[in-house]
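**Student:** Starting off with a structure, shown below.
The values are calculated or read from the model by the stated rules, or taken from the named source; none is laboratory data. Given the structure is predicted, the values throughout are model-derived calculations rather than measurements. Cβ placement follows ideal geometry from the backbone for every residue including glycine, while neighbour counts extend to all protein chains displayed. All accessible areas refer to the heavy atoms of the entire protein, side chains included, with ligands and DNA or RNA removed. Shrake-Rupley method; radii C 1.70, N 1.55, O 1.52, S 1.80 Å.
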Amino acid sequence: MRIITGSRWEEFADENSVLFPEYRKNRDELLNFTDSLKGNETVVTSSLELIDLIARRFRKGGENTLVYSDTGKTLTLREVYELRKYLDFDVRGGFSGEEARTSVLFVEGKTDAKFFKAVFKKLFEFRESRKAPGELRFIERVFERDNFDLLKRKSDGHYLAVIPSEGNSGVIRNLGNFLRAIEVFNFAVDMIGAAVDIDEDRESALASITGKLSGFRHEKTEFGYRVGETEVVPLIIGLPFEDEAVEWKKPTVEDLMLHLIGREGLLEKIKPGLRALNESLGRKLKPKEVMYLALSAYGHWGNLEGFYELFVMRSRFRNLKAALREAELMEPLQHLVGWER
């Protein structure tokens, strides 16, 4: 199966290609057409809905590809399927718009996204933005979703996209697919951050990133790796937390929050409640359970993501910086967003 998109499609189509117009086609017609395909066809289309249906059906097999005719380069339909499912990436190409310095940060989940969003706002002068630069036009639709954050720093026009990715494996998957999309669709971002938890040890976490980069020509830099015009910056989350009332097993973003609420004095205020729950339950509380208790004690009636963002924004600069420095995250974060002060 081969799909052809882009403005120069005639250079890659032949007399046996199926030219499928996107106009005046309802979903039933698209489903019927997709069901009729045998897998050996070439389909020329600019319909994202049709591309989604074909990619979902034919994502297995490296011979099933999408050709972006403007560059002549290809993606496998599995890559197309994942770019569409996890990033709403517009695989029709043709991106345009204002050029600007741009960074992208892939994080594990929604709480991680809100934590780092607040860090960027608190320490590096970023604010929410509704307008996307040309480098981010390919996922502009995503900006309407609540779990995606687009930020801009007014002083230098630097844009930053913070994207949750469904766990460590999701961060690595999105990193690889995103770098492939950069190659195929001929666009660039200045920095890509990959924030992953230490599951076993720091070396293993870093190896998951370098393993994905092995499929690309890359070179080592001071803070990460350069792939073409883009620098990939690993952000390894691993700051142990020790407390007699907390059952700590492995580092997550909750540990960063535990250190921060400890420095801000909130942890000490809820210690009597922690001890009472320890005794009542017959066990120590897990970090996320502690965070829910802290949320309640803080008087926040929203969800955990909202609490993370609010608490980071209201914390003292010195305490937030101290927690990030202890976690060895301050310098790579500064580099990711071009903060030279």
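**Student:** Kindly indicate whether any position in segment 91-108 is modelled with pLDDT under 95, open to solvent by less than 20 Å² (accessible area, probe 1.4 Å) and closer than 24 Å to GLY62 by Cβ.
**Tutor:** Checked segment 91-108: at least one residue is modelled with pLDDT under 95, open to solvent by less than 20 Å² (accessible area, probe 1.4 Å) and closer than 24 Å to GLY62 by Cβ.
**Student:** Restricting segment 140-172 to residues that are touching a helix residue (DSSP H, G or I) at 6+ places or on another chain (Cβ under 9 Å) and surrounded by fewer than 18 Cβ atoms within 10 Å (Cβ to Cβ), which is modelled with the lowest pLDDT?
**Tutor:** If we take residues in segment 140-172 being touching a helix residue (DSSP H, G or I) at 6+ places or on another chain (Cβ under 9 Å) and surrounded by fewer than 18 Cβ atoms within 10 Å (Cβ to Cβ), then PHE143 is modelled with the lowest pLDDT.
**Student:** Quick check: is even one residue across segment 226-241 in contact with a Pro (Cβ under 6 Å, 6 or more places away or on another chain) and either farther than 23 Å from PHE120 by Cβ or not hydrophobic (A, V, I, L, M, F, W, C) (or both)?
**Tutor:** So far as segment 226-241 goes, yes, one or more of its residues are in contact with a Pro (Cβ under 6 Å, 6 or more places away or on another chain) and either farther than 23 Å from PHE120 by Cβ or not hydrophobic (A, V, I, L, M, F, W, C) (or both).
**Student:** Follow-up question, since we're still on this one. Can you tell which of ILE236, ILE261 is closer than 18 Å to PHE116 by Cβ, open to solvent by less than 70 Å² (accessible area, probe 1.4 Å) and part of a strand (DSSP E or B)? Before the answer, list the steps.
**Tutor:** Details: ILE261 fails: part of a strand (DSSP E or B).
Answer to the check: ILE236.
**Student:** Being in contact with an Asp or Glu (Cβ under 6 Å, 6 or more places away or on another chain) and on the phi < 0 side of the Ramachandran plot narrows it down to one of ARG101, ARG59, ARG27, so name that one. Talk me through it step by step, then tell me what you get.
**Tutor:** Details: ARG59 fails: in contact with an Asp or Glu (Cβ under 6 Å, 6 or more places away or on another chain); ARG27 fails: in contact with an Asp or Glu (Cβ under 6 Å, 6 or more places away or on another chain).
Every option except ARG101 fails the conditions.
**Student:** Output yes when any residue across segment 193-205 is open to solvent by less than 10 Å² (accessible area, probe 1.4 Å), modelled with pLDDT of 85 or more, in contact with a helix residue (DSSP H, G or I) (Cβ under 6 Å, 6 or more places away or on another chain) and over 30 Å from SER296 (Cα atoms), and no when none is.
**Tutor:** yes
**Student:** Just the residues that are surrounded by fewer than 22 Cβ atoms within 10 Å (Cβ to Cβ) and of a type in the set (A, V, I, L, M, F, W, C), please, taken from segment 239-257.
**Tutor:** LEU239, PHE241, ALA245, VAL246, TRP248
**Student:** Something else: Select from segment 283-308 the residues that are touching a residue at least 24 places away in the same chain (Cβ under 8 Å), within 23 Å of the chain's Cα centre (by Cα) and over 17 Å from ASP255 (Cβ atoms) and list them in ascending order.
**Tutor:** GLY306
**Student:** Next question. What are the residues in segment 85-113 that are under 16 Å from THR45 (Cα atoms) and either free of Cβ contacts under 8 Å to residues at least 60 places away in the same chain or not in a loop (DSSP other than H, G, I, E, B) (or both), if any?
**Tutor:** Once the filter is applied, which keeps residues that are under 16 Å from THR45 (Cα atoms) and either free of Cβ contacts under 8 Å to residues at least 60 places away in the same chain or not in a loop (DSSP other than H, G, I, E, B) (or both), segment 85-113 yields only ASP90.
**Student:** Could you list, in sequence order, the residues of segment 1-33 that are more than 34 Å from the chain's Cα centre (by Cα) and surrounded by 17 or more Cβ atoms within 10 Å (Cβ to Cβ)?
**Tutor:** Of everything in segment 1-33, just one residue is more than 34 Å from the chain's Cα centre (by Cα) and surrounded by 17 or more Cβ atoms within 10 Å (Cβ to Cβ), namely ALA13.
**Student:** Now a separate question. For the subset of segment 34-61 comprising residues that are more than 33 Å from the chain's Cα centre (by Cα) and surrounded by 12 or more Cβ atoms within 10 Å (Cβ to Cβ), which member is nearest to THR76 (Cα to Cα)?
**Tutor:** The qualifying residue nearest to THR76 (Cα to Cα) is GLU41.
**Student:** Of all the residues that make up segment 327-341, how many are open to solvent by 40 Å² or more (accessible area, probe 1.4 Å) and part of a helix (DSSP H, G or I)?
**Tutor:** Total meeting the criteria: 3.
**Student:** From the residues in segment 241-258 that are over 29 Å from the mean Cα position of the chain (by Cα) and in a loop (DSSP other than H, G, I, E, B), which one is nearest to ASP201 (Cα to Cα)? Please lay out each step first, then the result.
**Tutor:** Of all residues in segment 241-258, those over 29 Å from the mean Cα position of the chain (by Cα) come to 242-246.
Now drop any that are not in a loop (DSSP other than H, G, I, E, B), which leaves 242-245.
Numbers: GLU242: 17, ASP243: 21, GLU244: 23, ALA245: 24 Å.
Looking at the filtered set, the residue picked out is GLU242.
**Student:** Go through the residues of segment 73-82 one by one and say whether even a single one is closer than 26 Å to ILE163 by Cβ, open to solvent by 30 Å² or more (accessible area, probe 1.4 Å) and touching a Ser or Thr at 6+ places or on another chain (Cβ under 7 Å).
**Tutor:** yes
**Student:** Report yes if GLY215 is without any contact (Cβ under 8 Å) to a residue 60 or more places away in the chain, open to solvent by less than 10 Å² (accessible area, probe 1.4 Å), in contact with a helix residue (DSSP H, G or I) (Cβ under 8 Å, 6 or more places away or on another chain) and closer than 21 Å to LEU77 by Cα, otherwise no. Steps first, answer last, please.
**Tutor:** Working: without any contact (Cβ under 8 Å) to a residue 60 or more places away in the chain: yes; open to solvent by less than 10 Å² (accessible area, probe 1.4 Å): no; in contact with a helix residue (DSSP H, G or I) (Cβ under 8 Å, 6 or more places away or on another chain): yes; closer than 21 Å to LEU77 by Cα: yes.
Here the answer is no, as GLY215 does not meet what is asked.
**Student:** Then there is this: Here are GLU305, GLU328: which of them is closer than 30 Å to ARG226 by Cα and not β-branched (Val, Ile, Thr)? Spell out the reasoning first.
**Tutor:** On the way: GLU305 fails: closer than 30 Å to ARG226 by Cα.
Result of the check over GLU305, GLU328: GLU328.
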